[in-house]
Amino acid sequence: MTSTPAPPAGLTVFLVDDHAIVRSGVSAYLDMIDDITVAGEAGTGQQALDRIAALEPAGGLPDVVLMDLLMPGMDGIEATRQLKARWPVIEVVAVTSFLEEAKVRAALEAGATGYLLKDAQADEVAAAIRAAAAGECHLDPAAAKLLAASLRMPRPAADTLTARELEVLTLIAEGRTNRQIARQLNVTERTARTHVSNILAKLQLTSRTQAALWAVQEGLAPTRKPA
């Protein structure tokens, strides 16, 4: 009687990059880390969606996807958007060679939990993977600085938020997910999601990460070191 192989222990990661040599290098590094296993790889956004879908029946969805943003055909931003719509449990860390505010914003708005540049040190890649799997946002320092600078533009004050929205904002800054916020406040996840949407609209922000940075900047939450 053939037994079904046990799923790998620790975190599973799926690599998406149109350069095979990049995938090989990252895979070789991750293979040396005991708690991280490479579950698969793809060279395009569409191929990534197809291959991850093939892993689903066996319960093999990866915990984290390292997603190159610049690829031919479906780029990483669109692939991230579609992936998060279909498998919200999978976290995505965007990876790119270029640092542009528009790209950082677009990746985070599409659902990415982290943002890395391709010249990141190997230990930072591992840190970003672990942070994403824990539901925390890990940004390349330069990307975080870029987003923080964009928040220095005049914006509505904190007094535009209700007491409950300020409470939710503080939890966002702590890295809590909508589900965790709902449990903390004893409300439904849908209600938590509505509060988050209202906060972003009132503060004229476009992502949870911007909201967290705004909260720190306004003294509503303590400064957190990158994961």
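In terms of surrounding Cβ atoms within a 10 Å radius of their Cβ, F98, F14 rank from fewest to most as F98, F14. Sequentially through segment 193-198, phi angles give Karplus couplings (6.51, -1.76, 1.60; θ = phi - 60°) of 4, 5, 4, 4, 4, 5 Hz, Gly and Pro residues having no value and appearing as x.
Across segment 168-185, computed HN-Hα scalar couplings (Karplus, 6.51 cos²θ - 1.76 cosθ + 1.60, θ = phi - 60°) run 5, 4, 4, 5, 4, 5, 7, x, 6, 7, 4, 5, 5, 4, 4, 5, 4, 9 Hz from first to last residue, x flagging Gly and Pro. Hydrodynamic analysis of segment 152-217 uses the Kirkwood radius over alpha carbon pairs. Inserted into Stokes-Einstein at 25 °C and 0.890 mPa s, it gives a translational diffusion coefficient of 210 µm²/s. For V38, the amide hydrogen comes within under 5 Å of the amide hydrogens of V13, counting only partners 5 or more places away or on other chains and with H modelled in the peptide plane.
Taking the number of other C-beta atoms within 10 Å as the exposure measure, put V93, V216, V16, V196 in order starting with the fewest.
On the way: V93 25, V216 16, V16 28, V196 19.
Least crowded to most crowded, the residues run V216, V196, V93, V16.
L185 sits among other residues whose Cβ lies under 14 Å from its own Cβ, and their net charge, with Lys and Arg +1 and Asp and Glu -1, is +2.
Averaging sequence separations of C-alpha pairs under 8 Å and six or more residues apart, then dividing by the length of segment 152-217, give the relative contact order as a whole percent.
On the way: 55 pairs, mean separation 27.2, N = 66.
It rounds to 41 percent for segment 152-217.
Residue ranges 160-166, 35-41 sort as 35-41, 160-166 when ordered by packing (mean number of other C-beta atoms within 10 Å per residue, highest first). For segment 10-16, putting each phi into the Karplus relation 6.51 cos²θ - 1.76 cosθ + 1.60 with θ = phi - 60° gives couplings of x, 8, 10, 10, 10, 9, 10 Hz, in residue order, rounded to whole numbers and with x for Gly and Pro.
FYI, it's all coordinate maths here, none of it is from the lab. This one's a predicted model, so the numbers in the text were calculated from it and none came from an experiment. Note that we place each Cβ from the backbone using ideal geometry, even for glycine, and neighbour counts take in every protein chain shown.
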